[in-house]
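Participant: Please read through the structure below; I'll follow up with questions.
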Amino acid sequence: MASEQKQEQVPGNIASPAPTAWPFVTAFGLALLAAGLVTQAVISVVGLILAVRGAVGWFRDVLPVEQHELVRVRPPEQRARPIAPAPQAVEQLKPGVGGHRVRIPAEIHPYSSGIKGGIVGGVAMAIVACVYGVIAYHSIWYPINLLAAVAMPSLARADLAQLTAFNGTGFVIALISHGLISILVGLLFAVLLPMLPSRRAAFWSSLMSPLLWSALIWATLRLINPALNARIDWIWFIASQVAFGMTTGYVVHHSKMVETMQTWPLAARAGIEAPGVVHDRGEKR
């Protein structure tokens, strides 16, 4: 306490809390600890070591006495001059008039385009997967049964002959799961694509997104679907994902965009019959 008071009394300086990097080390360790649960156990071990070391270093910086450092204060003549208020007034923009600030994106793809894109992309992905089944195993049912194995223990333990044969229950499970996931990802495309600045960015995002989630699936598939992880052909799998991403992105990107209501007058957003307001906007649209 005495040294702390001595620091505060140094003329031309103030005592402020000393910077520390230990909170970042702790946070990084906790992130690795969680990531190891779905990847490798050694990652969790490294994360635990970093989290414990970061926590100890962090606590030692604040307990029993908080660490401080002296910060030099500039003399008044070297400080920035105060801003003098200008007597002129500026014109205030009002919502609904031209030039009013908007939140980006000002136009969005309708959710229906995401549903359509997800369905079309799911069909394209299924075609590539079935082509792989025919070429590698002379059966379109092989990739379908592998997908259904995540919910059917009998297919997870099945041999090659059973996986290449038709299974009614497996077909229904694979169809439902593949359809739902495709639609959900299609909706995600519809939400994210309007935020990209250009068509080129939309193209590359449709190409790179499948590669990124393929890498995520590669790290977690052994926990989600061990049967598929043991038999998967990653080249064909990535090809099917790229087919889905490019097809879905194309369908969503070429859909008619809808103007958001953020620049509309309050009467238009509320659906009120306001002559000269709602009618005029309807004519512009």
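No value in this document is a laboratory result; all are computed from the given coordinates. Quick caveat, the model's predicted, so the values are computed rather than measured. Here Cβ is always computed from backbone atoms with ideal geometry, including for glycine, and neighbour counts include all displayed protein chains.
Participant: Answer with yes or no whether Val185 is crowded, with 18+ Cβ neighbours inside 10 Å and under 30 Å from Lys256 (Cβ atoms).
Facilitator: Answer is yes for this residue.
Participant: Here is a further query. Can you tell me which residue within the stretch 234-246, out of those that are under 20 Å from the mean Cα position of the chain (by Cα) and β-branched (Val, Ile, Thr), is surrounded by the most Cβ atoms within 10 Å (Cβ to Cβ)?
Facilitator: Val242
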